[in-house]
Amino acid sequence: MKQINILQVGATDEEGARFNGQDLHKELRERGFRSHHMVWSKTGDDPDTSEIKTTKSIKRQQKIQRLEYKFSLQSLLYPFAFEFPLRKQFKEADLVHYHLLHTGYFSLGALPLLTRMKPSVWTLHDPWAMTGHCVHPFGCDRWKIGCGNCPDLKIMFPLQHDNTAFLWKAKKFLYHASRIDIVLASKWMMKMAEESPLMSNFRLHHIPFGIDTQLFAPGDTADCKAKLGIPKDNLVIGLRANSNDFKGLSYIQEMFEHLDFELPITILAFNQKGHFDKYLGRHHIVEVGWIKESSAYAQTLQACDLFLMPSTAESFGMMAIESMACGKPSIVFDGTALPEVTFAPRGAISIPKNANELLKATKHLLTDQRARKQLGDEARNLSVQNYDFKLHVDRMQNLYENALARAGTAAPSPAEPTRPAQSSHK
Amino acid sequence: MPSELIQRTSPVAEGKTQGKKFLLLTDIPPCRNFTAGLVLDQLCSFLPAGSVSCFTVLNRELDPEITHADIPIKIVSKPKEHKPRHLPGKIGALESFLAEKYTEKVTVKKIARQAAEFGTQFGADAVWCVVQGQTMIRLANQVADLMNVPLLTEVWDPPTWWLRANKVDSWSQNLILADFASAMKKSVRFAAASWAMAESYESLYGCRSITVIPSLDAALAKPPATGMNKEDELTIGMAGQLYSSKEWENLLLTLKHAQWKIGNRNVKIKVLGRAVTFQSNSPMNVEYLGWRTQAESIDILSQMDVMYCPYWFDPVFKEEASLSFPSKLTTYLATGRPVFFHGPDYASPAKFLKQHNAAVLCHDLARSDIYNQLDRLVSNAELYRQTAENGSKAFHQHLTLDIMRKQFAEFLGLKVEDLKSDE
């Protein structure tokens, strides 16, 4: 009997492997699927991952990037996706699963062609696919009515001129000509998609991302602290330091301005470096950057006593569930996907969006060891119940099989799914 | 066009010695006021009288205080290695290429004939060429060929650095690098500036390589420090050329953010060297002590607490970082004080220091890491003592003049007893 052949398409392989299709591709291969990951930029050495870009195409991509910026266009002019049907991996695939498409290599114009050729699934990692230009619309509701008169052209991804109405219409036209099963990782995103006129043509499925809960698990905090050179008596505040519009860095910085605490504190910052220099000598600062290797990343999370994730916009929040799985209590802001994803107040503390509230909640967790333990234990249980990676792949596998069955190309999969996907068909 | 600047002969230059004779072909003569010249001064000190003559192709802006009055020397001026471009873009590159071509075909050829004539008159049995910059790269093979003697090459830094610094156009670069490869392949032996360079070039070019690293008289070395000088102070020493400016700037920024304190210690930096540049709109605690002799430098630095050794993180300099060896490190290890190395883990000095556990290594430009590693070194008395001790051991094991003499003899194809002991 023919093996099902799944092709994942995305921007990168190693960076964000847990959610960009790379780990999913590897797990599917483990389960006996024929699986391939086609990425714009390959950094790893997986033999079944291939790279789209070439020396020539990088130059073309850069020129088009400049052109799109000049004419305030987004993901429309790149030719590379139109070449997919000529690629062996695409030809042989029974189903194609798209991931991040808006990083500057994919043209949405290719979607009608590609999705009519192969049953297609698209995981939306953020709301960009539903807006006229922005990754997160924050308080703006114009994405529901066709954008135009954009209140903020500067937020990611910025435009020179207000072309948002055109871009919104272009998306609508192209989506309506496409056939796609859309995957949304949170109910928050699901609700947004249900409200989006752009998504009305698609089948929507709520499938949370998954993590390896054996790897992301409570560990020996003291040992992990020692490995990072953190004094054993220091209380460690983990956080994601990223200066983009969404991650709430300014709230964290403002909070530290006022944090007056008698015990020594270590700021353990993931991602970008240099955001806490002004506290050198006042707090102990450890900046680990972007850790590619999952076990090293999990060990670093295990060194934390609590985790701050005050994103002002978040479609899911992988770091929050990873720290939950490590048994760490998190603090998140209301109004994003995070309270739902972290099962606040059971699995995290959710607070209104302001630095003073963040300070209070942080102080509370710093001073109350029992509260940290209780919240951390419950977070761990919730993450195992809801976010285990095998469960995620079961759900995805179920979705693939349903999509293939609808397309009339289904074949029995090598492994039976254990849990159904939570789907909403429109 | 090169002009003849100096020509000096001596009785020993007229063939009165019995042993092998070498023509030192270099762009800086043995001298006491330039790092490269200092190294050559040391190496020439090992050679018996009458066994070496020196042909120098000197940058006319330099003013070396030449040593070794007994060595016959001829100095001609070096053609400009930084070719000005009057035209933009590729036309400017073409202009540079044509100028380089002219220099190669006319000027360098003339210098080669002069050098060969000088070497032949001296009766040299081999050319010992310091391969640095496009002029010397082009001369190496030509002079050895004209004299019909073996070529011995000495490399301190990979040639790419020089070419990039002089903005040599990419067409000329390719040709010069091909000349470099040809010179290396033709070399009977090659003196490398680091163990990493020796390994790399030997496998690349197949020439026999011997590591000859700038070294110091063991008698100048200080005993390893057992602790810091003061309870409430940290003095950081920095000596030599400041090529790793980004690393240095980040050290200064770290200290600025930390209010010039590491833990409870007030921090001072003392800089020795020909030039230092920095700017700040906030208070600094830096003292500039100017250029000092090696003995003075060791003496002054040994009274500080930690030696700062920056090296390039910038991937543009990856080859240089991987293959070069900073001469300041020899000085630092002779002070008996712990070294704080600030550079990437692939850097050749990083590997050497790690192998000997002879420094605290900071492999990140992040200010937090600089702070943490410095703090670790100064707050852990045992780490401080051990690092100083290991550094001193590494110096005595690898970086003394005795070791250098042995290696140099091997490079020249002589027995160590054929060379003089250090003076």
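The table below lists the values:
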| item | result |
| --- | --- |
| Search result, residues across segment B:233-243 that are surrounded by fewer than 22 Cβ atoms within 10 Å (Cβ to Cβ) and either of a type outside the set (F, W, Y) or within 14 Å of chain A (Cβ to nearest Cβ) (or both) | B:E233, B:T235, B:G240, B:Q241, B:L242 |
| Number of the exception - A:L259 against (1) away from chain B (no Cβ under 14 Å); (2) under 21 Å from the mean Cα position of the chain (by Cα); (3) buried (at least 16 other Cβ atoms within 10 Å of the Cβ) | (2) |
| Search result, residues across segment A:209-239 that are closer than 22 Å to A:N20 by Cα and surrounded by fewer than 21 Cβ atoms within 10 Å (Cβ to Cβ) | A:D212, A:Q214, A:L215, A:A217 |
| Condition met for B:E249 (within 14 Å of chain A (Cβ to nearest Cβ) and surrounded by 14 or more Cβ atoms within 10 Å (Cβ to Cβ)) | yes |
| Counted residues, segment A:205-230 - those being within 14 Å of chain B (Cβ to nearest Cβ), not in a loop (DSSP other than H, G, I, E, B) and not aliphatic (A, V, I, L, M) | 2 |
| Any hit, segment A:86-106, residues being among the β-branched types (V, I, T), at pLDDT below 95 and out of contact with any Cys (no Cβ under 9 Å at 6 or more places or on another chain) | yes |
| Out of A:I331, A:I291, A:I321, A:I285, sole residue that is away from chain B (no Cβ under 14 Å), β-branched (V, I, T) and either farther than 15 Å from A:A217 by Cβ or over 17 Å from the mean Cα position of the chain (by Cα) (or both) | A:I331 |
| Selection count, segment A:266-282, where residues are more than 7 Å from chain B (Cβ to nearest Cβ), closer than 17 Å to A:Y251 by Cα and surrounded by fewer than 19 Cβ atoms within 10 Å (Cβ to Cβ) | 1 |
| Which numbered condition A:D245 fails, given (1) crowded, with 16+ Cβ neighbours inside 10 Å; (2) touching a strand residue (DSSP E or B) at 6+ places or on another chain (Cβ under 8 Å) | (2) |
| Failed condition for A:A296, given (1) in contact with an Asp or Glu (Cβ under 9 Å, 6 or more places away or on another chain); (2) hydrophobic (A, V, I, L, M, F, W, C); (3) more than 14 Å from chain B (Cβ to nearest Cβ) | (1) |
| From A:K88, A:K59, A:K70, A:K63, residue being exposed (fewer than 13 other Cβ atoms within 10 Å of the Cβ), over 23 Å from the mean Cα position of the chain (by Cα) and in contact (Cβ under 8 Å) with a residue 24 or more places away in the chain | A:K70 |
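The values are calculated or read from the model by the stated rules, or taken from the named source; none is laboratory data. It should be emphasised that the depicted structure is a prediction, and the values quoted were computed from it without experimental measurement. Note that we place each Cβ from the backbone using ideal geometry, even for glycine, and neighbour counts take in every protein chain shown.
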